[in-house]
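Below is one structure; the comments refer to it alone.
The values are calculated or read from the model by the stated rules, or taken from the named source; none is laboratory data. Given the structure is predicted, the values throughout are model-derived calculations rather than measurements. Neighbour counts are summed over all protein chains in view; Cβ atoms, including those assigned to glycine, are modelled from backbone coordinates with ideal geometry. Surface accessibility is based on the protein's heavy atoms, side chains included, excluding ligands, DNA and RNA. Shrake-Rupley method; radii C 1.70, N 1.55, O 1.52, S 1.80 Å.
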Amino acid sequence: MRGLKAMMVCVLLHVSVANGQEDIVTQGEVSIPEPILNPAPAEPVPESEPVDFTVLTTRTTRMDVADAPPMTGLPPVEGAIDFTIRLVEDPKLPDPPPRLPALPPDDPEVVAALDELARHYKRTEMLFVSATVYDKTATLLRIHPSGDAKHQITAWSNLDFTCFSGFSTFRVTGQDGEFTDYGMLMGLGIIDTGRMREAMELHGLEYDGPTIPELPDLVDAGPAFVVVGGNAEGMGMDTLKNLHDLYRNEGDRMQEAQVERTRIRKERIDFFLANPPRPDDVTISFWRRDKPQADKDEGR
């Protein structure tokens, strides 16, 4: 934490506050093009047809296991299982499809297909964002547009960035109707300074938290930020403005989705606590088989 304080003191050369009292250069209309919450559950993956094995030998061992919990906040999935290994006859499963032939890069059809793809493909720009939320009232942001260090920017925001965790793509649409989609890879950390201080005091340590600059009140001034490091003239600043414009435009949807995610998560935790899952038995079947015909033809 002392290192963070020193960094902030050294780089506090350019400070930019974006709030309702000054104009922001808007990159375009910023929005979330897709539902933040999927209204319907995902379709279950169809189970494959069981294979009718002819078992030659079998060996079963009883063992205690501890698997990872189905979600954070739950205890491990523990219990005794049967671990079975079986030698079976070759079930004569179909060979995998042969490998596709290699296409020469100068093949006219390949070149034409790639040119057509380039004309119509709308790529998604990647953003790497580190967000550390303190007491749900301020967030320390480190932004790397496209992973480019020269455009990195560090800033404090008056937004609780946990509400940015329910989606991965947002869109910036210009006045000409052209748009750019941005895929956001965000690492999110949540720190309760009160609990952190109490925990460290129990061990005789002093909690040396970050120095958070004075930020406008979110209710009164809207989304705001203070830049404390990095390139304030590059793509990082554009991204920082876009993220705050996004909350300005979509904040209600984002907050509603966050409340709904919290409700769903609590329901799932309550269900698993009332119905603790048990680890499944494991059966491994193995056999010797001939090489696939494609491998034989290629001499492998």
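Of all chymotrypsin sites (Phe, Trp or Tyr not before Pro) in the range 72-139, which ones are in loop regions per DSSP and have a Cβ with at most 14 other Cβ atoms within 10 Å? Don't skip to the answer; put the middle values down first.
On the way: sites: PHE83, TYR121, PHE128, TYR134; in loops: TYR121.
Answer by residue number: TYR121.
Based on Cα contacts under 8 Å between residues 6+ apart, the chain shows a relative contact order of 29 percent. What spacing in nm lies between the two simple spin-label points modelled at ARG119 and GLU260, each 7 Å away from Cα in the Cβ direction? Placing both labels 7 Å along Cα→Cβ, they lie 4.0 nm apart. Restricting attention to the chain, the count of lysine pairs at 8 or more positions apart or across chains with alpha carbons under 28 Å apart stands at 10.
The residues neighbouring ASP67, those whose beta-carbon lies less than 10 Å from its own, together hold a net charge of -1 under the Lys/Arg +1, Asp/Glu -1 convention. How much of the DSSP beta bridge set in the chain is antiparallel, as a percent to the nearest 5? Around 70 percent of the beta bridges assigned by DSSP in the chain are antiparallel ones. Surface listing: ASP270, ASP148 arranged by accessible area from highest to lowest gives ASP270, ASP148, probe 1.4 Å.
Which loop trypsin sites (Lys or Arg not before Pro) in the range 121-164, with loop taken from DSSP, have no more than 10 other Cβ atoms within 10 angstrom of their Cβ? Here the sparse-neighbourhood loop sites are LYS122, ARG123. In a fully extended conformation the segment linking ASP148 and ALA221 would gain 23.1 nm over its present Cα-Cα distance, using 0.36 nm per residue.
The separation of the range 223-260 from the range 166-217, counted between C-alpha centres, amounts to 10 Å.
Classify the chain as rounded, prolate or oblate, taking a ≥ b ≥ c as the square roots of the eigenvalues of its Cα gyration tensor: rounded when a/c is under 1.5, otherwise prolate if a/b is larger than b/c and oblate if not. It is oblate, given that a/c is not under 1.5 and a/b is not larger than b/c.
Given a Förster distance of 45 angstrom, what is the FRET efficiency for THR173 paired with GLU206, based on the Cβ-Cβ distance and rounded to 0.05? That pair, THR173 with GLU206, gives E of 0.35. Computed from Cα atoms, the angle from the helix 235-274 axis to the main principal axis of the chain rounds to 50 degrees.
Projecting label points 7 angstrom from Cα along Cα→Cβ for GLU233 and ARG268 puts them 4.6 nm apart. So which GluC sites (Glu not before Pro) in the range 224-292 pass both tests, a DSSP loop state and at most 11 other Cβ atoms within 10 Å of the Cβ? Counting only loop positions with at most 11 other Cβ atoms within 10 Å, the GluC sites (Glu not before Pro) in the range 224-292 are GLU233.
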